[in-house]
Amino acid sequence: MFAFHYLKILFREFITDMNYNINSVFFLAIIILFAVKPSATPAQSIYNRIDSLEYLDETVLPDSIRKICWYIYLREPDASIGYVEYLLSRTERINPEAYLTALAFSVTYNDSDKIRMLDSIYYLAKEENLLRIMGWTYEAKSEYYKAHEKYDSSMISILRARDLYEEGGITEDLVTVMHNIGDLYYAAGEYNEAEKIYRRIQQMKGAPDQWERWRKRTIRNNLGLIEIKRGNYKKARELFNISLTEVSQRNSAIIDSVAIAYIYSRLSDIYFLMNDYENAFKSYIPGIKTALKCDQYEFAANLYLTRSKIFYYSEQLDSALHYAKLSESLSQKKFNSLSFNTEITSFIAKIYEKLRDDKNQLLYFKKSSVLKDSLVQKQNNWKYLRLLAEYEYDALNRKLFMEKSLNRNLIFGFIFLVFVLTIILVLFLRLRRTNLYLVSKNIEAESAKKRKDKQIIIENNPAKEPDNEEFSQLNQLVEALEEKMKGEKLYLQKDLTILKVAELLGTNRTYLSRAVNNILKISFTGYTNRLRIQEAISKISSGFFDDYTIEGIATHCGFNSRSSFIRAFTDYTGVTPSFFIKHGSQNKKE
């Protein structure tokens, strides 16, 4: 959507800095004009603010542009594209810093090529030594990588932004970066490290307007989330109630309404965890109303889930299922969260278990098992990726330092290399004409040989399906195989091979494999494992394996390892052996 501006920054040089010397009288006249001007519509107000940017001092210009951008993002989301296009056209006439500031914000609305655009903006800002814009691009990249769950890349980007802000002494943006780093530690489950950073931010504060408007509350809420993870529910409730009082007294903007929906969602969770269902419901009512009004579907889904849990533990199962389904529907249609989807599917399985709906219980149990495995693996990866990112970041800095120290040597080496390459090139050109003819002849000869070899292979090994007579013979062999395998239970032998079975049947392994593949449409290994799993199912259902471990069952049924047994059993039945053992009698009836 901003391709026109993007192409311009890629294929032309920066516009020359323009210095505007405005006569003080003219500037005063403009102020008076705006003062006596009738009240403008919101759209006119935004356009007027954009037009007035060219008269601002360069020291406050970037912050003014960012304030306009965030105003557009929060207050005028439906018309944001038109406003940003106009902002780009106006800032382009001011100076590179103003234009790149606006352009960096415009990337918010472009997900298809975001990283490439941010890299382009970074290198253009680097040419002008605009450290703040360079830091902004790394912040945006970190958010993009975090949204796509690439936490190592996200951490590297945010650490790079931190260094740029520290280098430029840009305290306000440094606080924002520290906030993001704290959030990454929280996502990785490193709650102590996250708390240290949040406490440091409480001391630094950063931009006064941001601190009072939202950051103070957000940091307090984050500390509340950490207390929930630690089980300190009273402390968490105290922190979120302070935030609720603070926002409710103001409640003057959309962002405040969103904050209220979020806080009520968390308070409802906290009261539920404290077994205070009455206050959990009291928090639910204003929370769901505000969340739906502001289209905050994630908070609404969480509130529906909490409401469902209250009904569940109050033995009102139909109502519990109703609200759980509402929560699931929102999570599937409006947002995607692995942890939330894991929680909701697991809880719905519990509801169906109490309702004795075995079919749906099994369906949701399988869903939650898959999601839970993915979540555990991802949470373990987060910690590893965070450490990896810090290591890679330090390694990158060391590499950059070494590259700087080697630059002078590389210049001299490059000159020498050019000289040597020139001599080699002259010799190469002399040999090239002679070699080309010989190479082409060799290629032709090799191609002819390959065509001939391929034709011989086709003639000697024609692919064909078995005819009726052969099919009958193969079918008889499979019948003999079935009788031998099932009659003598050969499949229970751990060292059973196709060669051994072929010898018992008086044939060879190739012909036996062809028979199994063509008649049973399965490999010999798959056929053997199927018989073994059928044996396991039969004896589990009969109670034969009541005192056996999983390893014992696997060994008894002919498997070489526990893992191969679990994998084969899950592929055949759709559930794990442990689950089947627990519900063996019921599965037998079905």
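Take the Cα of residue 546, step 7 Å toward its Cβ, do the same at residue 582, and the gap between the two points is 2.0 nm. For region 206-219, the Karplus equation 6.51 cos²θ - 1.76 cosθ + 1.60, evaluated at θ = phi - 60°, returns couplings of x, 4, x, 5, 5, 4, 6, 6, 8, 5, 4, 5, 5, 5 Hz by residue, with Gly and Pro reported as x.
In the complete set of protein chains, residue-level accessible area for residue 205 is approximately 90 Å², probe 1.4 angstrom.
Quick check on region 304-378: take the gyration tensor over C-alpha atoms, sort the square-rooted eigenvalues as a ≥ b ≥ c, and tell me if it's rounded (a/c under 1.5), prolate or oblate.
Values: a/c = 2.02, a/b = 1.33, b/c = 1.52.
Taking the square roots of the gyration eigenvalues as a ≥ b ≥ c, region 304-378 is oblate.
For region 82-127, the set of chymotrypsin sites (Phe, Trp or Tyr not before Pro) satisfying both a DSSP loop assignment and a count of at most 11 other C-beta atoms within 10 Å is empty. Only Lys, Arg, Asp and Glu carry charge here, each on its Cβ (+1 for the first two, -1 for the last two); on that basis region 281-349 has a dipole of about 240 debye about its Cα centre. Inter-label distance, residue 249 to residue 71: 2.7 nm, where each label sits 7 Å from its Cα along the C-beta direction. Taking packing as the residue-averaged number of other Cβ atoms within 10 angstrom, the listed peptides 233-245, 561-573, 493-505 run from highest to lowest as 233-245, 561-573, 493-505.
Figure note: 70, 136 ranked by solvent-accessible area, largest first, 1.4 Å probe, ligands and nucleic acids not counted: 70, 136.
Residues of region 229-249 with an amide N closer than 14 Å to a point placed 7 Å from the Cα of residue 273 along the Cα-to-Cβ direction: 229-241. Model label points for residue 316 and residue 410, set 7 angstrom from Cα along the Cα-to-Cβ axis, are 7.0 nm apart.
Shown for region 99-233: the carbon plus sulfur share of the solvent-accessible area, taken with all protein chains present and a 1.4 angstrom probe, equals 43%. Using R0 = 60 Å, the C-beta based FRET efficiency linking residue 235 and residue 560 works out to 0.70. Pairs exceeding 21 Å between alpha-carbon atoms, taken from 67/333; 146/350; 229/367; 333/359; 196/229: 67/333; 146/350; 229/367; 333/359.
When ranked by the protection proxy of mean other Cβ atoms within 10 Å per residue, highest first, what sequence do the peptides 287-300, 533-546 form?
On the way: 287-300: 19.6, 533-546: 16.6.
Those peptides, ordered most packed to least, come out 287-300, 533-546.
The values are calculated or read from the model by the stated rules, or taken from the named source; none is laboratory data. Please read all numbers here as calculations on a predicted model, not as lab measurements. Don't worry about glycine lacking a Cβ; one is built from the backbone with ideal geometry, like all the others, and counts go over all protein chains shown. Surface accessibility is based on the protein's heavy atoms, side chains included, excluding ligands, DNA and RNA. Shrake-Rupley method; radii C 1.70, N 1.55, O 1.52, S 1.80 Å.
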